[in-house]
Amino acid sequence: MDPRTSPSETSDPPTGRLVLVEYYLTGDQALIFLVTAERAEPELVSLPVDTGELAALVVRFALALDRVAGDPAALEQADALLGHPVLVGLVAPVLDRIRPGDRICLVPHGPLHRVPLHAVPCRGVRLADAYPVVYTPSASVLRYCRANRRGVRSTALVVADPPGTEPLTFGMVHATALTGRFDCDRLEGAGASRAALLRRLGRPAPDAATAGAGHRPPPGILHIGAHGVFDPEEPMASGVELADGRLTATDMFGLRLTGTLVVLAACRTGVSDTRPGDELLGLIRALLHAGAPAVLVSLWKVDDLSTAMLLDEFYRGLGDGSPAVVALHRAQSWLRRRTVADVLAYVGQARDSAGTSHPAAARLALAEARIRLVARDFAGATDTAQVALSLAGTARDRRRVESVLYRARFLARTGKGVPVDLDRRLYDSFFFWAPFVLVGDWD
(Lines give C-alpha, C1' and ligand atoms only; values in the text may rest on other atoms or scores of the structure.)
Protein backbone atom coordinates (compact mmCIF):
# COMPACT_ATOMS: atom_id res chain seq x y z
CA MET A 1 0.00 0.00 0.00
CA ASP A 2 1.31 3.45 -0.86
CA PRO A 3 0.24 6.01 1.79
CA ARG A 4 -0.41 8.81 -0.70
CA THR A 5 -3.27 11.24 -0.93
CA SER A 6 -5.53 12.11 -3.82
CA PRO A 7 -4.60 15.00 -6.16
CA SER A 8 -7.22 17.21 -4.56
CA GLU A 9 -5.47 16.83 -1.20
CA THR A 10 -2.06 17.87 -2.50
CA SER A 11 -2.88 20.61 -4.99
CA ASP A 12 -1.35 24.00 -4.30
CA PRO A 13 -3.68 26.64 -2.86
CA PRO A 14 -4.47 29.58 -5.14
CA THR A 15 -1.98 32.41 -4.94
CA GLY A 16 -3.38 35.16 -2.72
CA ARG A 17 -1.97 37.91 -0.58
CA LEU A 18 1.00 37.75 1.72
CA VAL A 19 -0.25 38.88 5.13
CA LEU A 20 2.54 39.99 7.45
CA VAL A 21 1.45 39.68 11.09
CA GLU A 22 3.82 41.27 13.60
CA TYR A 23 3.36 40.93 17.36
CA TYR A 24 4.70 43.34 19.95
CA LEU A 25 4.25 42.72 23.66
CA THR A 26 4.28 45.46 26.27
CA GLY A 27 3.76 44.97 29.99
CA ASP A 28 -0.01 44.81 29.82
CA GLN A 29 -1.02 44.51 26.18
CA ALA A 30 -0.25 42.91 22.86
CA LEU A 31 -0.07 44.99 19.71
CA ILE A 32 -0.73 43.11 16.47
CA PHE A 33 0.23 44.82 13.22
CA LEU A 34 -1.27 43.34 10.05
CA VAL A 35 0.41 44.43 6.81
CA THR A 36 -0.75 43.73 3.25
CA ALA A 37 0.22 45.24 -0.08
CA GLU A 38 -3.30 46.59 -0.60
CA ARG A 39 -3.22 48.83 2.48
CA ALA A 40 -1.13 51.99 2.69
CA GLU A 41 -0.72 51.57 6.44
CA PRO A 42 -0.71 48.55 8.80
CA GLU A 43 -3.89 47.67 10.61
CA LEU A 44 -3.34 47.72 14.37
CA VAL A 45 -5.13 45.49 16.85
CA SER A 46 -4.55 46.08 20.58
CA LEU A 47 -5.39 43.40 23.16
CA PRO A 48 -5.05 43.37 26.96
CA VAL A 49 -2.42 40.74 27.79
CA ASP A 50 -0.47 40.19 30.98
CA THR A 51 2.99 39.54 29.55
CA GLY A 52 4.17 37.88 32.77
CA GLU A 53 1.24 35.46 32.66
CA LEU A 54 1.95 34.74 29.00
CA ALA A 55 5.64 34.03 29.68
CA ALA A 56 4.74 31.63 32.51
CA LEU A 57 2.22 29.89 30.23
CA VAL A 58 4.86 29.39 27.53
CA VAL A 59 7.31 27.92 30.08
CA ARG A 60 4.67 25.41 31.25
CA PHE A 61 3.93 24.56 27.61
CA ALA A 62 7.62 23.93 26.81
CA LEU A 63 8.10 21.80 29.93
CA ALA A 64 5.05 19.69 29.09
CA LEU A 65 6.40 19.07 25.58
CA ASP A 66 9.73 17.92 27.02
CA ARG A 67 7.90 15.27 29.10
CA VAL A 68 5.78 13.79 26.31
CA ALA A 69 8.12 10.88 25.49
CA GLY A 70 7.95 9.49 29.02
CA ASP A 71 4.55 10.74 30.17
CA PRO A 72 1.55 10.45 27.81
CA ALA A 73 -0.49 12.73 30.09
CA ALA A 74 1.96 15.53 29.30
CA LEU A 75 0.65 15.65 25.74
CA GLU A 76 -2.86 16.37 27.01
CA GLN A 77 -1.47 19.12 29.22
CA ALA A 78 0.47 20.66 26.32
CA ASP A 79 -2.63 20.51 24.11
CA ALA A 80 -4.69 22.27 26.80
CA LEU A 81 -2.04 24.96 27.25
CA LEU A 82 -1.86 25.58 23.50
CA GLY A 83 -5.61 26.23 23.59
CA HIS A 84 -5.31 28.67 26.50
CA PRO A 85 -7.55 31.75 26.08
CA VAL A 86 -4.51 34.06 26.05
CA LEU A 87 -3.01 32.31 23.00
CA VAL A 88 -6.39 31.92 21.32
CA GLY A 89 -6.96 35.65 21.74
CA LEU A 90 -3.69 36.40 19.97
CA VAL A 91 -4.62 34.28 16.95
CA ALA A 92 -8.31 35.22 16.63
CA PRO A 93 -7.71 38.69 15.06
CA VAL A 94 -5.57 37.07 12.36
CA LEU A 95 -8.20 34.47 11.49
CA ASP A 96 -10.80 37.25 11.30
CA ARG A 97 -8.80 39.17 8.68
CA ILE A 98 -7.34 36.59 6.29
CA ARG A 99 -8.89 35.24 3.10
CA PRO A 100 -8.76 31.91 1.29
CA GLY A 101 -5.51 31.59 -0.66
CA ASP A 102 -3.51 33.95 1.59
CA ARG A 103 -0.04 33.12 2.85
CA ILE A 104 0.72 34.15 6.43
CA CYS A 105 4.07 35.50 7.64
CA LEU A 106 4.22 35.61 11.44
CA VAL A 107 6.66 37.82 13.35
CA PRO A 108 6.58 36.67 17.00
CA HIS A 109 7.84 38.70 19.93
CA GLY A 110 9.29 37.69 23.29
CA PRO A 111 7.97 34.35 24.58
CA LEU A 112 5.88 33.87 21.42
CA HIS A 113 9.04 32.71 19.62
CA ARG A 114 8.55 29.39 21.48
CA VAL A 115 4.89 28.94 20.49
CA PRO A 116 3.60 27.22 17.31
CA LEU A 117 1.08 29.97 16.59
CA HIS A 118 0.07 28.18 13.38
CA ALA A 119 -1.26 25.31 15.54
CA VAL A 120 -3.21 27.29 18.18
CA PRO A 121 -6.87 26.13 18.06
CA CYS A 122 -9.30 29.01 17.68
CA ARG A 123 -13.05 28.46 17.24
CA GLY A 124 -12.41 24.93 16.03
CA VAL A 125 -9.74 25.81 13.43
CA ARG A 126 -6.02 26.53 13.29
CA LEU A 127 -4.08 28.78 10.93
CA ALA A 128 -2.32 25.72 9.50
CA ASP A 129 -5.65 24.10 8.61
CA ALA A 130 -5.97 26.19 5.47
CA TYR A 131 -3.05 28.62 5.21
CA PRO A 132 0.67 28.18 4.47
CA VAL A 133 2.54 29.83 7.35
CA VAL A 134 6.12 31.11 7.44
CA TYR A 135 7.89 32.82 10.35
CA THR A 136 10.48 35.58 10.38
CA PRO A 137 12.34 37.32 13.23
CA SER A 138 11.44 40.73 11.76
CA ALA A 139 10.20 42.41 8.60
CA SER A 140 13.73 43.62 7.82
CA VAL A 141 15.09 40.06 8.12
CA LEU A 142 12.39 38.88 5.71
CA ARG A 143 13.58 41.44 3.16
CA TYR A 144 17.17 40.24 3.64
CA CYS A 145 16.10 36.61 3.19
CA ARG A 146 14.19 37.35 -0.01
CA ALA A 147 17.29 39.04 -1.42
CA ASN A 148 19.16 35.74 -0.93
CA ARG A 149 16.84 33.72 -3.17
CA ARG A 150 18.65 31.80 -5.89
CA GLY A 151 16.02 30.33 -8.21
CA VAL A 152 15.30 26.64 -8.78
CA ARG A 153 16.72 24.17 -6.25
CA SER A 154 18.28 21.25 -8.10
CA THR A 155 21.15 20.23 -5.82
CA ALA A 156 21.32 19.01 -2.23
CA LEU A 157 23.97 18.23 0.35
CA VAL A 158 22.86 15.57 2.83
CA VAL A 159 24.62 15.15 6.18
CA ALA A 160 23.26 12.07 7.94
CA ASP A 161 23.92 9.29 10.46
CA PRO A 162 27.08 10.64 12.14
CA PRO A 163 28.64 8.07 14.52
CA GLY A 164 29.45 8.88 18.11
CA THR A 165 25.83 9.59 19.09
CA GLU A 166 22.81 7.32 19.17
CA PRO A 167 21.81 6.76 15.52
CA LEU A 168 18.57 8.29 14.30
CA THR A 169 16.23 5.44 13.48
CA PHE A 170 15.03 7.12 10.30
CA GLY A 171 18.19 9.03 9.43
CA MET A 172 18.70 6.99 6.27
CA VAL A 173 15.06 7.62 5.30
CA HIS A 174 15.70 11.38 5.50
CA ALA A 175 18.64 11.01 3.14
CA THR A 176 16.74 8.75 0.73
CA ALA A 177 13.91 11.28 0.51
CA LEU A 178 16.25 13.66 -1.34
CA THR A 179 17.97 11.09 -3.55
CA GLY A 180 16.31 10.84 -6.93
CA ARG A 181 14.57 14.19 -6.53
CA PHE A 182 17.73 16.30 -6.44
CA ASP A 183 21.35 16.01 -7.51
CA CYS A 184 22.76 14.92 -4.13
CA ASP A 185 26.12 14.90 -2.42
CA ARG A 186 26.13 12.88 0.81
CA LEU A 187 28.26 13.04 3.94
CA GLU A 188 27.34 9.95 5.96
CA GLY A 189 28.71 7.95 8.84
CA ALA A 190 32.26 8.98 9.70
CA GLY A 191 32.17 11.38 6.74
CA ALA A 192 29.33 13.34 8.37
CA SER A 193 31.80 15.48 10.23
CA ARG A 194 32.10 19.10 11.22
CA ALA A 195 35.46 19.31 9.45
CA ALA A 196 34.06 17.95 6.17
CA LEU A 197 31.09 20.31 6.25
CA LEU A 198 33.28 23.32 6.98
CA ARG A 199 35.55 22.35 4.09
CA ARG A 200 32.58 22.02 1.76
CA LEU A 201 30.71 25.17 2.82
CA GLY A 202 33.23 27.28 4.71
CA ARG A 203 34.14 30.68 3.33
CA PRO A 204 37.34 30.35 1.26
CA ALA A 205 40.42 32.37 2.04
CA PRO A 206 40.80 35.47 -0.21
CA ASP A 207 43.56 33.89 -2.29
CA ALA A 208 41.58 30.67 -2.78
CA ALA A 209 38.49 32.63 -3.77
CA THR A 210 40.48 34.63 -6.28
CA ALA A 211 42.00 31.50 -7.77
CA GLY A 212 38.69 29.65 -7.77
CA ALA A 213 40.40 26.81 -5.90
CA GLY A 214 37.79 24.15 -6.49
CA HIS A 215 35.09 25.70 -4.33
CA ARG A 216 31.69 24.56 -5.53
CA PRO A 217 28.66 26.82 -5.20
CA PRO A 218 26.45 26.25 -2.16
CA PRO A 219 23.80 23.54 -2.66
CA GLY A 220 20.16 24.40 -3.19
CA ILE A 221 19.30 22.39 -0.06
CA LEU A 222 21.40 21.52 2.97
CA HIS A 223 19.86 18.69 4.99
CA ILE A 224 21.41 17.78 8.34
CA GLY A 225 19.97 14.74 10.09
CA ALA A 226 21.61 14.59 13.51
CA HIS A 227 20.94 15.20 17.18
CA GLY A 228 20.33 18.85 18.02
CA VAL A 229 21.37 20.59 21.23
CA PHE A 230 20.17 23.94 22.58
CA ASP A 231 22.47 25.47 25.18
CA PRO A 232 20.46 28.04 27.20
CA GLU A 233 23.61 29.23 29.02
CA GLU A 234 25.55 29.83 25.80
CA PRO A 235 23.10 29.95 22.86
CA MET A 236 25.81 30.33 20.24
CA ALA A 237 27.26 26.99 21.42
CA SER A 238 23.98 25.31 20.41
CA GLY A 239 24.20 23.12 17.35
CA VAL A 240 24.06 19.62 15.89
CA GLU A 241 26.26 16.69 16.93
CA LEU A 242 28.39 15.43 14.04
CA ALA A 243 31.01 12.69 13.77
CA ASP A 244 33.87 14.78 15.17
CA GLY A 245 31.99 17.09 17.49
CA ARG A 246 29.29 19.74 17.56
CA LEU A 247 28.71 22.06 14.63
CA THR A 248 27.76 25.18 16.58
CA ALA A 249 25.85 28.33 15.76
CA THR A 250 29.19 30.14 15.86
CA ASP A 251 30.52 27.75 13.19
CA MET A 252 27.46 28.38 11.05
CA PHE A 253 28.19 32.10 10.89
CA GLY A 254 31.20 31.17 8.76
CA LEU A 255 29.37 29.01 6.21
CA ARG A 256 28.57 29.99 2.61
CA LEU A 257 24.82 29.43 2.33
CA THR A 258 23.56 32.12 -0.04
CA GLY A 259 20.50 30.70 -1.74
CA THR A 260 20.52 27.46 0.32
CA LEU A 261 17.39 26.20 2.05
CA VAL A 262 18.67 24.64 5.28
CA VAL A 263 16.73 21.76 6.87
CA LEU A 264 17.82 20.75 10.38
CA ALA A 265 16.17 17.38 10.99
CA ALA A 266 16.95 17.47 14.68
CA CYS A 267 15.35 18.38 17.99
CA ARG A 268 14.85 21.97 19.20
CA THR A 269 16.89 23.55 16.42
CA GLY A 270 14.40 26.42 16.24
CA VAL A 271 14.82 27.42 19.89
CA SER A 272 16.70 30.69 20.37
CA ASP A 273 17.61 32.84 23.33
CA THR A 274 15.81 36.20 23.27
CA ARG A 275 17.88 39.21 24.33
CA PRO A 276 16.82 42.84 24.86
CA GLY A 277 15.39 44.33 21.70
CA ASP A 278 14.01 40.87 20.82
CA GLU A 279 17.40 39.91 19.38
CA LEU A 280 17.61 36.16 18.83
CA LEU A 281 20.77 34.17 19.51
CA GLY A 282 20.99 30.64 18.16
CA LEU A 283 21.01 28.56 15.02
CA ILE A 284 18.36 30.54 13.13
CA ARG A 285 20.26 33.80 13.39
CA ALA A 286 23.54 32.15 12.38
CA LEU A 287 22.12 30.38 9.33
CA LEU A 288 20.24 33.41 8.03
CA HIS A 289 23.35 35.53 8.54
CA ALA A 290 25.30 32.98 6.47
CA GLY A 291 22.96 33.66 3.55
CA ALA A 292 20.30 30.98 3.83
CA PRO A 293 17.02 32.47 2.54
CA ALA A 294 15.08 30.10 4.80
CA VAL A 295 15.61 27.42 7.44
CA LEU A 296 13.33 24.57 8.48
CA VAL A 297 13.78 23.99 12.20
CA SER A 298 11.97 22.37 15.12
CA LEU A 299 10.59 23.94 18.29
CA TRP A 300 10.69 20.84 20.52
CA LYS A 301 11.95 17.25 20.79
CA VAL A 302 10.48 15.56 17.74
CA ASP A 303 9.22 12.06 17.07
CA ASP A 304 11.61 10.34 14.65
CA LEU A 305 9.04 8.46 12.57
CA SER A 306 6.57 11.31 12.09
CA THR A 307 9.49 13.61 11.26
CA ALA A 308 10.71 11.21 8.57
CA MET A 309 7.25 11.06 7.00
CA LEU A 310 6.79 14.84 7.16
CA LEU A 311 10.16 15.53 5.53
CA ASP A 312 9.62 12.87 2.87
CA GLU A 313 6.41 14.58 1.82
CA PHE A 314 8.01 18.04 2.14
CA TYR A 315 10.80 17.04 -0.26
CA ARG A 316 8.25 15.53 -2.60
CA GLY A 317 6.58 18.93 -2.80
CA LEU A 318 9.86 20.76 -3.34
CA GLY A 319 10.79 18.28 -6.06
CA ASP A 320 7.47 19.01 -7.77
CA GLY A 321 8.33 22.72 -7.81
CA SER A 322 6.16 23.98 -4.95
CA PRO A 323 7.37 26.96 -2.87
CA ALA A 324 8.85 25.81 0.43
CA VAL A 325 5.98 27.20 2.53
CA VAL A 326 3.41 25.41 0.34
CA ALA A 327 5.39 22.17 0.42
CA LEU A 328 5.49 22.34 4.23
CA HIS A 329 1.78 23.14 4.49
CA ARG A 330 0.91 20.23 2.22
CA ALA A 331 3.19 17.88 4.19
CA GLN A 332 1.62 18.91 7.49
CA SER A 333 -1.90 18.38 6.14
CA TRP A 334 -0.88 15.04 4.66
CA LEU A 335 0.70 13.80 7.89
CA ARG A 336 -2.36 14.68 9.95
CA ARG A 337 -4.46 12.32 7.82
CA ARG A 338 -2.17 9.28 8.05
CA THR A 339 -3.79 6.21 9.55
CA VAL A 340 -2.11 3.36 11.41
CA ALA A 341 -2.25 1.36 8.18
CA ASP A 342 -0.47 4.14 6.30
CA VAL A 343 2.26 4.37 8.91
CA LEU A 344 2.77 0.60 9.01
CA ALA A 345 3.16 0.62 5.24
CA TYR A 346 5.73 3.42 5.48
CA VAL A 347 7.75 1.61 8.16
CA GLY A 348 7.56 -1.61 6.17
CA GLN A 349 9.03 0.13 3.14
CA ALA A 350 11.79 1.59 5.32
CA ARG A 351 12.60 -1.85 6.77
CA ASP A 352 12.73 -3.44 3.32
CA SER A 353 15.00 -0.66 2.07
CA ALA A 354 17.36 -0.84 5.05
CA GLY A 355 17.66 -4.62 5.31
CA THR A 356 18.59 -6.54 8.44
CA SER A 357 22.24 -5.48 8.39
CA HIS A 358 21.55 -1.76 8.79
CA PRO A 359 22.45 -0.33 12.24
CA ALA A 360 18.88 0.93 12.61
CA ALA A 361 17.24 -2.41 11.67
CA ALA A 362 16.31 -3.24 15.27
CA ARG A 363 14.88 0.22 15.88
CA LEU A 364 12.82 0.07 12.68
CA ALA A 365 11.32 -3.26 13.80
CA LEU A 366 10.72 -1.82 17.26
CA ALA A 367 8.95 1.20 15.75
CA GLU A 368 6.64 -1.17 13.87
CA ALA A 369 5.95 -3.19 17.03
CA ARG A 370 4.96 -0.06 18.93
CA ILE A 371 2.59 1.03 16.17
CA ARG A 372 0.98 -2.43 16.16
CA LEU A 373 0.41 -2.06 19.91
CA VAL A 374 -1.39 1.22 19.29
CA ALA A 375 -3.52 -0.55 16.68
CA ARG A 376 -4.27 -3.36 19.19
CA ASP A 377 -2.59 -5.89 16.91
CA PHE A 378 -1.01 -7.62 19.88
CA ALA A 379 -0.01 -10.79 18.06
CA GLY A 380 1.64 -8.79 15.27
CA ALA A 381 3.39 -6.60 17.85
CA THR A 382 4.74 -9.71 19.60
CA ASP A 383 6.11 -11.20 16.37
CA THR A 384 7.72 -7.93 15.27
CA ALA A 385 9.24 -7.28 18.71
CA GLN A 386 10.80 -10.74 18.63
CA VAL A 387 12.40 -9.86 15.30
CA ALA A 388 13.64 -6.59 16.79
CA LEU A 389 15.16 -8.48 19.73
CA SER A 390 17.06 -10.77 17.38
CA LEU A 391 18.49 -7.71 15.59
CA ALA A 392 19.29 -5.59 18.66
CA GLY A 393 23.01 -5.01 18.85
CA THR A 394 23.33 -2.98 22.05
CA ALA A 395 22.20 -3.52 25.62
CA ARG A 396 20.16 -0.32 25.44
CA ASP A 397 18.31 -1.50 22.32
CA ARG A 398 17.66 -4.90 23.92
CA ARG A 399 16.17 -3.27 27.03
CA ARG A 400 13.86 -1.16 24.88
CA VAL A 401 12.73 -4.15 22.85
CA GLU A 402 12.25 -6.38 25.89
CA SER A 403 9.96 -3.81 27.48
CA VAL A 404 7.73 -3.68 24.37
CA LEU A 405 7.88 -7.47 23.93
CA TYR A 406 6.77 -8.06 27.52
CA ARG A 407 3.83 -5.70 27.08
CA ALA A 408 2.87 -7.20 23.71
CA ARG A 409 2.88 -10.76 25.10
CA PHE A 410 0.80 -9.72 28.11
CA LEU A 411 -1.79 -7.96 25.96
CA ALA A 412 -1.85 -10.85 23.47
CA ARG A 413 -2.95 -13.12 26.36
CA THR A 414 -5.42 -10.72 27.99
CA GLY A 415 -6.75 -8.85 24.96
CA LYS A 416 -7.98 -11.69 22.82
CA GLY A 417 -10.95 -10.72 20.70
CA VAL A 418 -10.15 -6.98 20.82
CA PRO A 419 -10.61 -5.64 17.26
CA VAL A 420 -7.53 -4.33 15.47
CA ASP A 421 -7.87 -0.62 14.59
CA LEU A 422 -5.93 0.27 11.45
CA ASP A 423 -8.02 3.34 10.61
CA ARG A 424 -7.01 5.50 13.55
CA ARG A 425 -5.21 8.72 12.57
CA LEU A 426 -1.91 8.38 14.33
CA TYR A 427 -0.46 11.90 13.94
CA ASP A 428 -3.46 14.19 14.25
CA SER A 429 -2.02 15.84 17.40
CA PHE A 430 -0.12 19.09 16.85
CA PHE A 431 2.84 17.48 18.66
CA PHE A 432 3.63 15.43 15.56
CA TRP A 433 2.81 17.72 12.62
CA ALA A 434 3.52 21.21 14.00
CA PRO A 435 7.06 21.20 15.47
CA PHE A 436 8.83 22.16 12.24
CA VAL A 437 8.53 25.79 11.17
CA LEU A 438 9.89 27.54 8.12
CA VAL A 439 11.76 30.72 9.09
CA GLY A 440 12.72 33.32 6.48
CA ASP A 441 11.60 33.41 2.86
CA TRP A 442 8.48 31.50 1.84
CA ASP A 443 9.69 30.41 -1.62
From Ala367, Ala385, grab the single residue that is farther than 27 Å from Gln77 by Cβ and of a type in the set (A, V, I, L, M, F, W, C). Ala385
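Have a look at His118, His84 and point out the one that is open to solvent by 20 Å² or more (accessible area, probe 1.4 Å), touching a helix residue (DSSP H, G or I) at 6+ places or on another chain (Cβ under 7 Å) and either modelled with pLDDT of 95 or more or farther than 24 Å from Val297 by Cα (or both).
His84
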Which of (1) of a type outside the set (Asp, Glu); (2) open to solvent by less than 10 Å² (accessible area, probe 1.4 Å); (3) out of contact with any strand residue (DSSP E or B) (no Cβ under 7 Å at 6 or more places or on another chain); (4) not in a helix (DSSP H, G or I) is the odd one out, the single condition Leu438 does not satisfy? (3)
Taking Ala331 as the residue in question, decide whether it is closer than 21 Å to Val295 by Cβ and not charged (D, E, K, R). yes
Being at pLDDT 90 or above, over 30 Å from Arg424 (Cβ atoms) and over 14 Å from the mean Cα position of the chain (by Cα) narrows it down to one of Asp251, Asp320, so name that one. Asp251
Quick check, is Val343 modelled with pLDDT of 95 or more and either over 30 Å from Ala294 (Cα atoms) or touching a Leu at 6+ places or on another chain (Cβ under 8 Å) (or both)? yes
In region 188-202, how many residues are over 24 Å from Glu313 (Cβ atoms) and either in a strand (DSSP E or B) or modelled with pLDDT under 90 (or both)? 3
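Let's see how each residue does on (1) buried (at least 18 other Cβ atoms within 10 Å of the Cβ); (2) under 23 Å from the mean Cα position of the chain (by Cα); (3) part of a strand (DSSP E or B):
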{"position": "Val21", "(1), (2), (3)": "yes, yes, yes"}
{"position": "Tyr24", "(1), (2), (3)": "no, no, yes"}
{"position": "Leu31", "(1), (2), (3)": "no, no, yes"}
{"position": "Glu41", "(1), (2), (3)": "no, no, no"}
{"position": "Gly52", "(1), (2), (3)": "no, no, no"}
{"position": "Ala69", "(1), (2), (3)": "no, yes, no"}
{"position": "Val88", "(1), (2), (3)": "no, yes, no"}
Could you check region 208-248 and list, in sequence order, the residues that are in a helix (DSSP H, G or I) and either modelled with pLDDT under 80 or buried (at least 19 other Cβ atoms within 10 Å of the Cβ) (or both)? Ala208, Ala209, Thr210, Ala211, Pro235
Do you know which residues across region 377-417 are at pLDDT 90 or above, of a type in the set (Asp, Glu) and more than 19 Å from Val343 (Cβ to Cβ)? Glu402
Contact list, first residue from region 146-158 and closer than 17 Å to Asp185 by Cβ, second anywhere and surrounded by fewer than 15 Cβ atoms within 10 Å (Cβ to Cβ) and modelled with pLDDT under 95, beta-carbon distance below 8 Å, six or more apart or interchain, is Ser154/Asp183; Thr155/Asp183; Thr155/Asp185; Ala156/Asp183; Ala156/Asp185; Leu157/Asp185; Val158/Thr179; Val158/Asp185
Please list, ordered by first then second residue, the pairs with beta carbon atoms under 8 Å, 6 or more apart or interchain, first in region 18-30 and in contact (Cβ under 8 Å) with a residue 40 or more places away in the chain and within 10 Å of Val45 (Cα to Cα), second open to solvent by 40 Å² or more (accessible area, probe 1.4 Å) and among the small types (Gly, Ala, Ser). Ala30/Ser46
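The values are calculated or read from the model by the stated rules, or taken from the named source; none is laboratory data. Only a predicted model underlies this, so the values are computations on that prediction, with no experimental measurement involved. Here Cβ is always computed from backbone atoms with ideal geometry, including for glycine, and neighbour counts include all displayed protein chains. The protein model used for the area step is the full one, side chains on, heavy atoms only, and it has no ligands, DNA or RNA in it. Shrake-Rupley method; radii C 1.70, N 1.55, O 1.52, S 1.80 Å.
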